[in-house]
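Heads up, the thing below is written out as structure tokens.
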Amino acid sequence: MITDKMRLGVNVDHVATIRNARGGKHPDPLKAAKLAINSGADSIVVHLREDRRHISDDDLINLMKELDKPITLEMAATNEMVDIACESSPKKVCFVPEKREERTTEGGLDVCSSFSSLQEYIAKLKSHNMDVSLFIEPDVDQINAAKELNATAVELHTGEYCNAFDSHDVLNIQKELIRLEEASAHGYNLGLEINAGHGLNYASVASVSKIKQITELNIGHFIIGESLFVGIEDAVREMRLLIDTARQS
Ligand code: PXP
């Protein structure tokens, strides 16, 4: 359903990244998640990576126990991760591609080439009452495959758009926005929920917020980075305001 309200999922992985630089318990992703929720986040996003470089298994357990807003668990499409999801039962699971050597998720999943394993995983997660999203490029073939797999949602990768935005490349900003708009309309018409994210910041968020078929943005690195200067509450509030203002314009 197209709504005026855009949901904001705040990814707190990089609070864990800072903690993990020293070990110990500080700063605590749970505390950051609670502050983000109090400041306007609709959900909390975490990526349990195979190498556990961000959040840990215990973080996931604590977040599930303590938070009163939905959690989206990003994870690789593996047996280990599907078992963890079934045990912890977050509201939504988002499958992302994962490579050990990458710094962050690079590009979307190739849904078409891992169709049969995804089919099995999605059926299992949905039978445990979880929504399943696939993080993909804004590409018609990927969206069609996601629909065939009975995914609940797709999360459109905004990385190329954000790269163009950060390098002030006006032509590519337009090109990537059109890709996002067309993919959003296509997925929406197929009945998929449309989410988007990756690389968004205060400057690039407005244009994506105006795409009415997109109902959720997931944003992490910029918000956590900005929190160093203004605190997480102000960073989330500012992002929320920019999204809401663009959505209503
Ligand atoms: N969505 C997905 C599927 C991601 O993998 C990430 C990065 O973890 C994000 C959104 C958030 O991206 P960023 O941290 O660049 O805001």
Where the only charges are on Cβ atoms (+1 Lys, Arg; -1 Asp, Glu), what is the dipole of the range 108-249 about its Cα centre, to the nearest 20 debye? 340
Of the residues LEU67, ILE55, VAL205, the Cα lying farthest along the dipole of the chain towards its positive end, which is defined by charges on the beta carbon of Lys, Arg, Asp and Glu, belongs to LEU67
Given 37 °C and 0.692 mPa s, compute D for the range 29-77 with the Stokes-Einstein relation, Rh being the Kirkwood radius over Cα pairs; round to the nearest whole µm²/s. 297
Among GLU137, GLU216, GLU226, residue whose mean-square fluctuation peaks in a GNM of the chain (springs only between Cα atoms under 10 Å): GLU226
Give me, ordered by chain and number, the residues 5 or more places off GLU193 or on other chains with an amide H under 5 Å from its own placed amide H. ALA153, VAL154
Sorting ALA76, THR3, TYR121 by the position of each Cα along the dipole of the chain (Lys, Arg +1; Asp, Glu -1; all at Cβ), the one nearest the positive end of that ordering is THR3
Taking each pair of different alpha-carbon atoms in the range 164-236 once, compute 1/r for the pair, average those values, and report the inverse of that mean as the Kirkwood hydrodynamic radius in Å to one decimal. 13.4
Roughly how many debye, to the nearest 20, is the charge dipole of the chain about its Cα centre, given +1 on each Lys and Arg Cβ, -1 on each Asp and Glu Cβ, and no other charges? 620
Shape call for the range 90-159 from the C-alpha gyration tensor, a ≥ b ≥ c root eigenvalues: rounded (a/c under 1.5), prolate (a/b greater than b/c) or oblate? prolate
Return the Cα extents of the range 1-84 along principal axes one, two and three, sorted largest first, each rounded to a whole Å. 41, 31, 20
Residues of the chain: accessible area per residue at 1.4 Å, in Å²? 46
What residue among GLY107, GLY191, GLY23 has the largest mean-square fluctuation in a Gaussian network model of the chain, using Cα springs under 10 Å? GLY23
If you average 1/r over all unlike Cα pairs in the range 142-182 and invert the result, what Kirkwood radius do you get in angstrom? 11.3
More than 23 Å apart - percent of Cα-Cα pairs taken over the chain: 47
In the range 1-135 the accessible area split gives carbon plus sulfur, as whole percent at 1.4 Å, a share of 49
For a quick check of your reading of the filter: which trypsin sites (Lys or Arg not before Pro) in the range 16-80 sit in a DSSP loop and have no more than 16 other Cβ atoms within 10 Å? LYS25, ARG52, ARG53
Of all DSSP beta bridges in the chain, what percent run antiparallel (nearest 5)? 0
Enumerate the amide H contacts of ASN218 below 5 Å, restricted to partners 5 or more residues apart or on another chain; note that Pro and chain-start residues carry no placed amide H. GLY9, ALA196, GLY197, HIS198
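The values are calculated or read from the model by the stated rules, or taken from the named source; none is laboratory data. Everything numeric in this text was worked out from a predicted model, so none of it was measured. Neighbour counts run over all protein chains shown; Cβ positions are idealised from the backbone, glycine included. The area values use the complete protein model at the heavy-atom level, side chains included, leaving out ligands, DNA and RNA. Shrake-Rupley method; radii C 1.70, N 1.55, O 1.52, S 1.80 Å.
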